[in-house]
Every structure is written in structure tokens, then in C-alpha cells.
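Here is the structure we will look at.
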Amino acid sequence: MKEDFPILKENVIYLDSAATSQKPLCVINKMSEYYKKSNANPHRGAYDLSVKSTSIYDNAHEVVKEFINARSSKEIIFTKNATESLNLIAYSYGLDNLNEGDEVVLSIMEHHSDLVPWQIICKKKKAVLKYMYVNENYEIDDSEFDKITSKTKIVGITHVSNVTGTINDVKKIINLAHKVNAKVVVDASQSIPHMKIDVQDLACDFLVFSAHKMYGPMGIGVLYGQEELLSKMNPFLMGGDMIEYVYEQDTTFAPLSQKFEAGTQNVEGAYGLVEAINYINKIGYDKIQKHEKELLKYAREKLEKLTFIDLYYPKNISNHTSVISFNIKNVHPHDVATLLDRAHIAVRSGNHCAQPLLRKLNIDSTVRISFSIYNDKNDIDVLVNELNKIYEMFKKFNKE
Ligand SMILES: Cc1ncc(COP(=O)(O)O)c(C=O)c1O
């Protein structure tokens, strides 16, 4: 698959796909084609180019609807990214539906973008924020689900942790939450590049992801919400394109999805996202998963042989996908990442926008590698070889 990604022809082993994936040439070409052939402001012109741009943008809602099996394209809202989608839910749903004493239950694995907005909304509404914690195996024990009670109004759960790669049993959590009439927000940012998402099968109320983590462009994200909920929610951003009639003192709003898509939209991004979806569909999730699982197994085996590193992922590989966090004992992760960069290996180091999780695990930061379809076993071999060198180098320093 490396062939499809022009950037990988540069001298780089890219192991940071959880931050953003690389883009295949077909996606890059599609976006450039938009500007060459179809650029105009959508929904605003009667002329041919504007009609073209409008139909590209509207069709993208249809394609995403099919991709995640939503009931209607009205349930698909384009945003800037997963972060904006999560803020939209917190502000447009949370603010109007939470009351004093209500509870919001999140997993401690949530990315800051599914955590900070709820902190703010809970403070504003005097609601209580609770967490489901992870065990020593980086998984959430069923006993933690007891935190979902009749007081719970919202549950926020990441499908896959961007730190430990743990796959959460979101279906089980959704079932439990619905028994007490709580709404569930699923953060699929780290799962959708790797596994088929079916919102009707999950029966989630909201689901979010960013195009840029699934071979698509930056600057476009998706919010899926059940039509019944979205239609009752107030808009998040106000301005052009999201209105029906505006009077001096009052406004009526456009129907879904436009109600939540204020201002000139990212049409080339939507076009690129459609091409990314076509790309995934052409390969097929079965093939993606087979390749990535094999690579994960290989990486786990190789890394587990390195006695000088601590690894942070679930023991059971069936609950784990494509993200591996680790530390070389007594070496700061930023040093590891910098030295790997000198060997042209791109990895992430830091707290991965998940400080509460890292605090719970008693670590400040980790090195994180993450895979995609364009990685292969050679990438892992080169990485392991470099890690050995880094360890030997620091061993010498530490002795001196
Ligand atoms: C699990 C998870 N949720 C949300 C986000 C936020 O995505 P974005 O920065 O595209 O808004 C990320 C990004 O790393 C993530 O890993």
C-alpha cells in the first residue's frame, strides 16, 4: 500500500497514524480536481459552478451516511474535526438537557476533546462528572459500568483509546446507558480507520470522527446524531447558510444538516473525505484488519522481547488495535522520539491529549507508535533496531 502514498516515497517510516494518517494520491488528486473544475460557494449561486459545488457537498453527506449506515443523510453533520463535533454535542445537547445533580459518565481514556467540554458544561449546569477507570490491563472492568445509574444523562466513551489501543465494548455500554435513558456519545476517531462502524447496529445516539485520521483531509470532521435528537437541538454556530428566515429580533433555522453547518463549508474536504471512503471501501475493512492485526501481533512479539521497555496495552490482542505506547526505562520519551526522528522514524511522544488517563497510570508521557495499512514488518524491524541502539547509548550515559 506504500505505493499509494506519495509522502512515503520520502525517506520516512511513518508510525504516527493515530495523530493523522497519510493521504493516498487519489485523495490528493480529488481535492486538487475540485479547485480546478468545481470551485464555487455551495448553496449560494444559481450558476453551474455553484450547483456543482453544492451537489459535491450534499452528495458527501449521502456517502458518509452509507459508510456508517445512518438512517438518513440528515443525521450527518460536517464539522471541522472530531473536537468540534464533540463540542457541538456538549454545547447544543448538554447545555440544554443537563440539570443540577445530573451525572455525566466518561471513561478515563477519553481524549481531552471529549473530556474538557463536559467539564465546562457540568460546571455550568452543576452536574456531576464521573469516570469509569481502567484496570492494570488497560481495560474497563464491567464493575465500572455500575457508575451508569438512573442519575446518568450522558455517557461519553471512546471506541478505541489513542494511548493504549484498547478496544472498548461500546455496544455493552450503550445497552446499559439506554436502560437508564442516558444518551451515549461514541468517539470513533481511533476506530474508524481500522474497523467498520455501523451506527444502527451500535445504536449510539451520537458518534464522531475526523477525516484526517482515515486517509482523508484535515479540516473536516463528522458528527452523526440520531435525527430525533438533532432536530430538537439548538444550533452551535450561527450565521449564513444555517437559517431559514431572519427578522430583526428573531430567526428560524434551516432543516438538518444545514442547521449545524453555518458559514461557507469545506467542500474540497468533503470531496476528499468521499474519496478516502472510496479508497477504504476498495480495499475493504476485512483486508485492512487482517493486515493491521498481523502487524500488531508482530510488533507486540518484537517489543515484548525488549526487556528495557515498559509497554502499556491490553494482554488480549483481540481487545487491542494499531496503537502501542511504551517507554524505555530511565529515558525520556521526547529523547526517544527525537533520536528515532534522526533515523527517519516518525513517532509521537507526550501525553497524547489524555492527561487524566496517564495520571491514573502513574506516567507523565509515553512514546507512541501507531500503524496503518501502509506499514509493514520492515518498519517494525527498523524501529526495534533503533530502540536497541538508543537503549545502549543511554546505558553508557547512565553509567558515566
Ligand atoms: C480518541 C480521539 N478523539 C478525538 C481526537 C481529536 O481529533 P481532532 O484533533 O481531529 O479533532 C483525537 C485526536 O487525536 C483522538 O485520538
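The values are calculated or read from the model by the stated rules, or taken from the named source; none is laboratory data. Values in this document were obtained by computation on a predicted structure and should not be read as measured data. Positions of Cβ are generated from backbone atoms using ideal geometry, with glycine treated the same way; all protein chains shown enter the neighbour counts.
Values computed for the structure shown
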| quantity | calculated |
| --- | --- |
| Residues of the stretch 353-400 satisfying the condition of being of a type outside the set (S, T, N, Q), in the same structural domain as Asp16 (by TED's automatic domain parsing) and in a loop (DSSP other than H, G, I, E, B) | Cys353, Ala354, Leu361, Ile363, Asp364, Phe371, Ile373, Tyr374, Asp376 |
| Residues of the stretch 232-279 that turn out to be assigned to a helix (DSSP H, G or I), out of contact with any helix residue (DSSP H, G or I) (no Cβ under 7 Å at 6 or more places or on another chain) and surrounded by 12 or more Cβ atoms within 10 Å (Cβ to Cβ), as a count | 3 |
| Test: residue in the stretch 57-66 that is modelled with pLDDT of 95 or more, within 16 Å of the ligand (Cβ to nearest atom) and buried (at least 18 other Cβ atoms within 10 Å of the Cβ) | yes |
| Tyr14 within 16 Å of the ligand (Cβ to nearest atom) and closer than 30 Å to Ala343 by Cα | yes |
| Identity of the residue in the stretch 75-132, part of a loop (DSSP other than H, G, I, E, B) and among the small types (Gly, Ala, Ser), that ends up nearest to the ligand (Cβ to nearest atom) | Ala127 |
| Residues located in the stretch 159-215, provided they are among the polar types (S, T, N, Q) and more than 9 Å from the ligand (Cβ to nearest atom) | Thr164, Thr166, Asn168, Asn175, Asn181, Gln200 |
| Residue within the stretch 163-171 that is acidic (Asp, Glu), surrounded by fewer than 24 Cβ atoms within 10 Å (Cβ to Cβ) and more than 21 Å from Tyr313 (Cβ to Cβ) present | no |
